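The values are calculated or read from the model by the stated rules, or taken from the named source; none is laboratory data. Keep in mind that what you see is a predicted model, and the values were worked out from it rather than measured. No Cβ is skipped: glycine too gets one built from the backbone with ideal geometry, and neighbour counts run over all protein chains shown. Accessible surface is based on the protein model in full, side chains and every heavy atom, while ligands, DNA and RNA are left aside. Shrake-Rupley method; radii C 1.70, N 1.55, O 1.52, S 1.80 Å.
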Amino acid sequence: MLLKDKVCLILGAASLRSIGYGTAELFAEHGAKVVVADVKMDAETLNAVKLSIQSKLGNSVSVHGFSCDISSPTDCDKLVSEVVALHGTIDCLVNSAGIVRNIPILELAEKDLDLMFDINLKGAFYICQSVLKVFVEKKSGTIVNVASSAAQRGGGLVGGSHYAASKGGMLSLTKSIAREFAALGIRANSICPAMIETPMLDGLSEERLKGIVDAIPLKRVGTTREMAGACLFLSSELSGFVTGSNIDVNGGTHIH
Ligand SMILES: NC(=O)c1ccc[n+]([C@@H]2O[C@H](COP(=O)([O-])OP(=O)(O)OC[C@H]3O[C@@H](n4cnc5c(N)ncnc54)[C@H](O)[C@@H]3O)[C@@H](O)[C@H]2O)c1
């Protein structure tokens, strides 16, 4: 049990096929009090998440959920208040909420940039700010921001340049949090996944997917469970001396 009784807030967990859900399930297995949040988290969705986790782990696991649009600072503050009212504190944040769009650079309109940056980048700032207020008071806490290999390689594979730039900003934000709050014992790290089997890959044609998979040394896409493993490491004491770091979960794509 690596997260026994830790209150873990996981953003981006509405789909049972998402990285957020996979992380919630693994964290619950490790004894965490899991709170899932998503802009699409209504009563029916939360019920499906709960049922799925409890059918595997039993009814005694703690799973709660709230709706939250991370592009709204008010929503983020409200979510954190709700979690603190429920459990008294927050120990770990995993921010896996995000959108992907693929638009060529010269076709990008202001509204496309605004939507992407509002959710993926400003949203990351807002949810981290809201949670950090709690972490600063208790002088502990961990943050994991789920970025993307697009931040390192540039857009054009699945997401466009604006997606890549939003995730690049997320990497810089994470390092900045790590530096600014290290003295308080608060840690922040990121993960750059690529080709994890979630709804985000649904738009790719079979031929395109095959072409991408052929270029992955492990010759397959990754699972949400494998992403959850990286989140677990970075949220638990196993990574107690790791902050401002990034883990690549990409099947070896960056071996050079
Ligand atoms: N699947 C991959 O191969 C892959 C690769 C690189 C990066 N990522 C990143 O991983 C993260 C998780 O994506 P996923 O693959 O699990 O896909 P997903 O679409 O299942 O998960 C993203 C979740 O974010 C939620 N969301 C969108 N806008 C939101 C908002 N404004 N406020 C709150 N929630 C919002 C969505 O409703 C969705 O449930 C994303 O940030 C994505 O960019 C995924």
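Only one entry of Ile103, Ile119, Ile127 meets the criterion of being more than 15 Å from the chain's Cα centre (by Cα) and touching a residue at least 24 places away in the same chain (Cβ under 8 Å), and that entry is Ile103. Tell me, which residue of the stretch 66-101 that is buried (at least 18 other Cβ atoms within 10 Å of the Cβ) and among the β-branched types (Val, Ile, Thr) is nearest to Ser166 (Cα to Cα)? Ranking the qualifying residues of the stretch 66-101, first place goes to Val100.
Would you call Lys56 more than 16 Å from the ligand (Cβ to nearest atom), surrounded by fewer than 17 Cβ atoms within 10 Å (Cβ to Cβ) and of a type in the set (D, E, K, R)? Yes. Only one entry in Lys6, Lys56, Lys33 is free of Cβ contacts under 8 Å to residues at least 40 places away in the same chain and either more than 19 Å from the chain's Cα centre (by Cα) or closer than 20 Å to Asn145 by Cα (or both), namely Lys56. With respect to Leu232, determine if the residue is hydrophobic (A, V, I, L, M, F, W, C), assigned to a helix (DSSP H, G or I) and either surrounded by 22 or more Cβ atoms within 10 Å (Cβ to Cβ) or modelled with pLDDT under 95 (or both). When the stated conditions are applied, Leu232 passes them.
Within the stretch 1-47, the residues that satisfy the criterion of being among the aliphatic types (A, V, I, L, M) and open to solvent by 40 Å² or more (accessible area, probe 1.4 Å) are Met1, Leu2, Leu16, Val39, Ala43.
The set of residues from the stretch 76-87 being out of contact with any Phe, Trp or Tyr (no Cβ under 7 Å at 6 or more places or on another chain) and without any contact (Cβ under 8 Å) to a residue 24 or more places away in the chain comprises Lys78, Ser81, Ala85.
Inspection of the stretch 78-85 finds a residue satisfying the criterion of being out of contact with any Lys or Arg (no Cβ under 8 Å at 6 or more places or on another chain), hydrophobic (A, V, I, L, M, F, W, C), under 24 Å from Ser130 (Cβ atoms) and more than 16 Å from the ligand (Cβ to nearest atom). Scanning the stretch 212-251 for residues that are within 15 Å of the ligand (Cβ to nearest atom) and more than 17 Å from Phe27 (Cβ to Cβ) gives Ile212, Val213, Ala215, Ile216, Leu218, Arg220, Val221, Gly222, Asn246, Asp248, Asn250, Gly251.
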